[in-house]
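Quick note: the coordinates plus some simple rules give every number you see, no bench work behind them. From a predicted model like this one, the values you see are computed outputs, not experimental measurements. Neighbour counts run over all protein chains shown; Cβ positions are idealised from the backbone, glycine included.
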Amino acid sequence: MLQLKSGFTALAFGALLMGQPAQAQIKSAIDIATIGEPGPLDPVTVTSDLVSIITQHVFETLYAFDAKWEAAPLLASALPTITDGGTLYTVPLRTGVTFHDGSAMGADDVVASLQRWLKASPRGKLAAPAVETVTAKDDHTVTIKLKQPFAPLLPLLAFQNGAAAIMPKALAASTDTLKTYIGTGPYKIAEQKPDQYIRMVRFDRYASPAGAPSGYAGARKAEIEELRFVPVPNATTRVDGMLAGQYQFADSLPTELAPKFKGQTAAKPIMVKPFGWALVIFNQKTGPMTNPVVRQAAQAALAPEDMLLAAFGDPTFFQLEGSIYPQGTPFYDEAGVKGYNQHDQKKAAALLKQAGYKGEPIKILTSPQYDFLYKMSLVAQQNLQEAGFTVDLQVLDWATLLSKRSDPAAWDAFFTFHTFVPEPSLITIMNPAYPGWWDTPEKKAALDAFNLETDPTKRVADWKTVQGLFYAQVPAIKIGAFYSLSAQSQKLSGYTPTEWPFFWNVKVSQ
Amino acid sequence: MTAYLSRRFAGMVVVMLMVAAIVFVIARVVPGDPAAVMLGSNATPADVAALRTQLGLDQPLPVQFVLYIRDILSFNLGNSIFLNRPVVDAMLDRAELTSWLTGLSVAIAVLIGVPVGVLAAVRRGTLLDQAVTAVSMLAASLPSFWVGLTLIEYLAVRLGWFPVAGYGNPGAGLGERLHHLILPAVALGLPNSALIIRFTRTSMLDVLHEDYVRTARAKGLGPWAVIIKHAFRNALIPVLTVIGLTIATLIGGAIVTETVFGLPGVGNLIVSAVLRRDYPVIQGALLIISGLYVLINMAVDLLYAVVDPRVRY
């Protein structure tokens, strides 16, 4: 077959070949099929997962999460020294770190980068109100002075999404979206052709942190000379490309295509756990769902198990789990979950009666662009109608849904999902400005206490209080956890399945 | 001819301005917001509003329209919101692929469609004619995305003769790029060839019964000389129209096929722009495509005069 392939190709295209490809001297390269074109590769201002996946190879943060989702030093040489009652962070920097433009990283670059992050990143803006100053103590030490203790600061500094990415001072001077990409990472951007590929090459002067690799932390080595991130929006094409050996890694594959890998030798499927959780968020600013008893009725009516089965089919790909944080993570708490997976229509009907609900239409927004959300919303519609709700299910494209949810008068509930975040305060619904507008005094007090607490053990207890309020006040309903399907070539070794796939410390055989 | 061309160009300017206005209105009438898409699902309404201001999307629509028309009149199609680069550059990047794909697809459609259509007409009523009619009906009914997926499954995944998707690796030569385009060109060319077969056959049947064809035969000309020199040339006008329309449609982007084969062409650019509500790209791309559509139709009209000396402008 190989001879036939070669013969056919040579016969058909030999006459057309115009010299050797310019990349012929590359010893090792892999093609990574992604879900689409990422657009500007600014790791600070853009919070799409795709941008995070790509840019984490180029830009680095002061800290990174290890396999236990705890912050570990990356560009910092050690964890920060926290003094003055949790309001002064002193961050020692590693020496000998070089940017891709050849300049050495110093405290001034870090200060400028952190200031840009506080102004321009949606994550940084969460920390900004707590930060008083960011200053360079000396060439290799940075201090962050807080107005009050803010425990999420360290996880935020370690997060690669909306990242506190360190870049040269000159680049960090503007909060405009980046057009040039100069970081300290093991790879540097060589070429970006929109909708075609992003090519990055090994940074030969990369200075790796010490320590055994663990999660995103520890030593990093660019074993593969060249990485190419190729936008392939069609999921079937990503799978076919893996089976044909054209790609060495493919992300975000539909779970129903998993059987195609059975018996294949070129590629194997990978399950990413934990990955995300689906939820329906209620409008607490206006409309019938502002009444907490109506929201509790919806909570009683829904059947998450049916919704998950409809969405994913195979139980291998989901977990019926009420705890907002998955098992195995520090904030997991199934004991405090009250009211998950009830599917009790009688109780729901009684609660509706108690709330004085008069059959006002509940406008629920959903989008078929995320097929699993759409299927879940169909089951929810049935569940709610059986309990006595009048449901107006509005099926929109995702762009319209994102736009419409900003208008409180336009909806009562919308389906969405949340990818796993290591720090609870990063969960979108914790932000009172996020659509849904969960901003009760009890929640504010509980979240403030959680954010002020710096003791990890006490934070776990505080989080249980916040989760308890999530189930009592029902700002949203967690449907369940789901996993992500990716695929890797059998030629890859050393790859660690994770939510934001990375390819340092990964080898490819020829 | 000069007067005719002047009239056509003047008409073209009017058409383009109308297209510009319609495209602007359609892009804005569709709900959705580029700022919300760019910032993603984690953004708050305040974040979205701030980006809208930065992008100038918070200005009243009439103001945006006047700025847009002013830019068009100075040949400036603006910058892509998402790609952060001029729309013209984004279009030019994709023009090479779309041109090659259009050229190859049309070549496949014409090379199959015209000879088979002529043959079916000449052998009218025979088993061959019936088979051609049936197969062309079937081919015309096949959606190109299904043809594409089937070709990928058998010729790319199982046999490995062609790449599954994309437009070649960085630094790929012309040969590698064309290799990537063969399957999509076949997927697009086959249904279009069926259309050309049917038009060619019908048009040929019409002229084969004309008096001048009988006269040519009576003069003692060989059968294929009559068919090619006398019948086919006169049957060509409707076929040319179909070919022109096919080219114009494909230049606008073979949207589904480009998506299935992961090709960074014009169609892919437009679909992505619509999903992202990237107004400048939607407006600019549709304007350019409309212009090309008008130009191709004009070129086809001019070709009529070349093919048929009776046509005068």
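On the basis of the beta-carbon distance and an R0 of 35 Å, B:LEU128 and A:GLU256 show a calculated FRET efficiency of 0.20.
Each 5 Å bin from zero holds the following percent of Cα-Cα pairs in the range B:273-313: 6, 21, 16, 13, 11, 9, 8, 7, 6, 3, 0. In a DSSP loop and with at most 10 other Cβ atoms within 10 Å, the trypsin sites (Lys or Arg not before Pro) in the range A:333-401 are A:LYS358.
Comparing Cα centroids, the range A:375-403 and the range A:320-343 end up 24 angstrom apart. Residues whose amide H lies under 5 Å from that of A:GLY276, counting only those 5 or more places away or on a different chain, are A:PHE420, A:PHE482; hydrogens are built 1.01 Å from N in the peptide plane. Note on chain A: helix-only mean residue ellipticity at 222 nm, from DSSP H runs of 4+ residues weighted -39500 (n - 2.57) and normalised by residue number, equals -8000 deg cm²/dmol. Charges were assigned to the Cβ only: +1 to each Lys and Arg, -1 to each Asp and Glu. The resulting dipole of the protein assembly as shown about its Cα centre is roughly 1820 debye.
Using the Kirkwood radius over Cα pairs, work out the Stokes-Einstein diffusion coefficient for the range A:274-484 at 25 °C and 0.890 mPa s, in µm²/s as a whole number. Approximately 142 µm²/s, per Stokes-Einstein. Here the calculated FRET efficiency for A:LYS179 and B:ASP211, from their Cβ-Cβ distance with R0 = 60 Å, stands at 0.30, rounded to the nearest 0.05. Across chain A, the mean sequence separation of Cα contacts (distance under 8 Å, 6 or more residues apart), normalised by length, yields a relative contact order of 19 percent.
In this rough spin-label picture, where each label sits 7 Å from Cα along the Cβ direction, the A:ASP306-B:VAL25 distance is 4.6 nm. The convex hull drawn around the Cα atoms of the range A:414-510, when projected onto a plane and averaged over every direction, covers 8.7 nm². Percentage of Cα-Cα pair distances in the range B:1-99 greater than 21 Å, rounded to whole percent? Result for the distance tail: 50 percent. Figure legend: label point modelled 7 angstrom from the Cα of A:ALA128 along Cα→Cβ; residues of the range A:172-201 with amide N under 15 Å from it are A:173-177. Applying a DSSP loop filter and a limit of 15 other Cβ atoms within 10 Å to the trypsin sites (Lys or Arg not before Pro) in the range B:205-313 leaves B:LYS219, B:ARG310, B:ARG312.
Legend: P(r) of chain B from all alpha carbon pair distances, 10 Å bins from 0, whole percents, reading 5, 21, 25, 24, 15, 7, 2, 1, 0. Given the pairs A:LYS68/A:LYS464; A:LYS125/A:LYS458; A:LYS188/A:LYS507; A:LYS273/A:LYS363; A:LYS119/A:LYS404, which span a C-alpha to C-alpha distance of over 28 angstrom in this model? Violating the 28 Å limit, Cα to Cα: A:LYS273/A:LYS363. Directionally averaged projected area (the range A:50-208, Cα convex hull): 9.2 nm². Give the aspartates and glutamates whose C-alpha is closer than 12 Å to that of A:LYS285, dropping any in the same chain fewer than 8 places away, or say none. Straight-distance partners of A:LYS285: A:ASP407, A:ASP412, A:ASP439. Taking the centroid of alpha carbons for each part, the range A:275-296 and the range B:77-93 are 40 Å apart.
In summary, the convex hull built on the alpha carbon positions of the range A:188-274 has an orientation-averaged projected area of 7.5 nm². Whole-percent P(r), the range A:305-388, all Cα pairs, 5 Å bins from 0: 3, 12, 16, 19, 20, 17, 9, 3, 1.
The gain in end-to-end length when the B:ALA107 to B:ALA46 segment is fully stretched comes to 16.7 nm, 0.36 nm per residue minus the alpha carbon separation.
Over all distinct Cα-Cα pairs of chain A, the Kirkwood formula returns a hydrodynamic radius of 24.6 Å. Between the range A:416-439 and the range B:256-313, what's the alpha-carbon centroid distance in Å? Computed from Cα coordinates, the inter-centre distance equals 44 Å.
You can think of it this way: the chain between A:LEU88 and A:ASP314 has 76.4 nm of extra reach, that is 0.36 nm per residue less the Cα-Cα gap. At a Förster distance of 41 Å, what's the computed FRET efficiency of B:VAL306 paired with B:VAL15, Cβ-Cβ distance as r, to 0.05? Once rounded, the FRET efficiency stands at 0.95. Using the alpha-carbon positions of the range B:195-270, Rg (one decimal) and Dmax (whole number) come out as 18.6, 57 Å.
Between A:SER509 and A:ALA461, the simple spin-label model (points 7 angstrom out along Cα→Cβ) gives 5.3 nm.
Pairs from the list A:LYS346/A:LYS443; A:LYS338/A:LYS375; A:LYS353/A:LYS478 with a Cα-Cα gap above 27 Å: A:LYS346/A:LYS443.
Inter-label distance, A:LYS491 to B:GLU96: 2.5 nm, where each label sits 7 Å from its Cα along the C-beta direction.
Please work out how much length the chain gains when fully extended from A:GLU334 to A:VAL395, using 0.36 nm per residue of separation minus the C-alpha to C-alpha distance, in nm with one decimal.
Length gained, A:GLU334 through A:VAL395: 18.7 nm.
By the beta-carbon count within 10 Å of each Cβ, the least crowded to most crowded order of A:TRP463, A:TRP500, fewest first, is A:TRP500, A:TRP463. 3J(HN,Hα) along the range A:265-282, derived from phi through the Karplus expression 6.51 cos²θ - 1.76 cosθ + 1.60 where θ = phi - 60°, amounts to 9, 6, 9, 9, x, 10, 9, 9, 10, x, 10, x, 9, 8, 8, 10, 9, 9 Hz, with x in place of Gly and Pro. Listed by number, the DSSP H helices of chain A that run 30 Å or longer by alpha-carbon position along their axis and have mean Kyte hydropathy of at least 1.0 come to an empty list.
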